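Down below is the structure, laid out as structure tokens.
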Amino acid sequence: MFGYNHLDPKAFDPSRIPAIFGAPEEGTVSKKYNTVPTHEVVHLMQDLGWNPVSANQVKPRKNNPDVVRHVVVFQAENAKENENGVTGQVVLVNSHDAKSSYKLYYGLYRFVCANGLMVGDEFAQARIRHMGRDSLFENIAEATKNFVAHGTQVNDQIDQWRGIHMDYLSQVNFAEAALKLHFIESSRSYLKPSDFLEARNNEDHNNDSLWSTFNKVQENIFKGGVAGRSPKRRFHTRGISSIGQSISFNRGLWDLAAEWADRLA
């Protein structure tokens, strides 16, 4: 959802995301609702130096695909990984069904696993109502500026997590707590938290830091493919594809790691 292939110039293909160009159906929204198609915000972000690198939208069964919830991920021009192996992203979520405001979140792209993360802190989100083009653009620009201003704070947080080492039991307990953020109780009973500690890249292999543990668990839950066994059959977990679940899980996991950092510091 929030990752993308740096080598693929077609990673962002707006033709696959009709909701970017959509508008609410006539008579479905109030007169106060000021329609600003997402593609105009994409142009604004490009003017601010942030290019779209990936996008997705809900696949509706009945609703008009031009108005459903959609997400666009932006990354700064010439973005490079910092000393912690990440770079900042801005995640934009919108819909044109009058059920959602524009939402912006601060995220991170981790190069070693080609995976997107989301910061859970309060400063790392902004909700902007559809109440006028000028005010919308101003608020989006201000939110983006605020995200960048807090980038050093996030990097310091990662530095702290990299310096916190966890024994194996603590790692398993962290994984167990993380599973509760996504899997229902009946599913969790057929999964082993320790299986979500398997590293999918060399950097996390034999690494017992909180940062590495957080990333191993995040990647295994988010991408899926972890084996489980119920009384009737073997199965593999599914990755997270829902926009809402992606945001909720990633932000919740960041908050969980922050709680563990306070506990272990």
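Quick notes on this structure:
- For the range 112-171, a residue qualifies if it is among the charged types (D, E, K, R) and in contact with a Ser or Thr (Cβ under 7 Å, 6 or more places away or on another chain), and the qualifying residues are 127, 129, 162.
- Taking residues in the range 9-21 that are on the phi < 0 side of the Ramachandran plot and surrounded by fewer than 19 Cβ atoms within 10 Å (Cβ to Cβ), and partners anywhere that are modelled with pLDDT of 85 or more and in a helix (DSSP H, G or I), the pairs with Cβ atoms closer than 8 Å and at least 6 places apart or on different chains are 14/20; 14/21; 14/39; 14/42; 21/38; 21/39.
- Residue match in the range 132-145 (condition: in a helix (DSSP H, G or I) and crowded, with 22+ Cβ neighbours inside 10 Å): yes
- The range 160-202 - residue that is hydroxyl-bearing (Ser, Thr, Tyr) and more than 13 Å from residue 260 (Cα to Cα) and, of those, surrounded by the fewest Cβ atoms within 10 Å (Cβ to Cβ): 186
- Any hit, the range 242-260, residues being farther than 30 Å from residue 55 by Cα and either touching a Pro at 6+ places or on another chain (Cβ under 9 Å) or part of a helix (DSSP H, G or I) (or both): yes
- Filter result for the condition that a residue is in contact (Cβ under 8 Å) with a residue 12 or more places away in the chain, surrounded by 15 or more Cβ atoms within 10 Å (Cβ to Cβ) and either of a type in the set (Lys, Arg) or under 15 Å from residue 38 (Cα atoms) (or both), over 91, 148, 119: 91
- Of all the criteria given as (1) under 20 Å from the mean Cα position of the chain (by Cα); (2) farther than 27 Å from residue 153 by Cα; (3) β-branched (Val, Ile, Thr), the one not satisfied by residue 184 is (1).
The values are calculated or read from the model by the stated rules, or taken from the named source; none is laboratory data. Remember, it's a predicted structure, so these values are computed and weren't measured experimentally. Cβ atoms come from the backbone with ideal geometry, glycine included; neighbour counts cover every protein chain shown.
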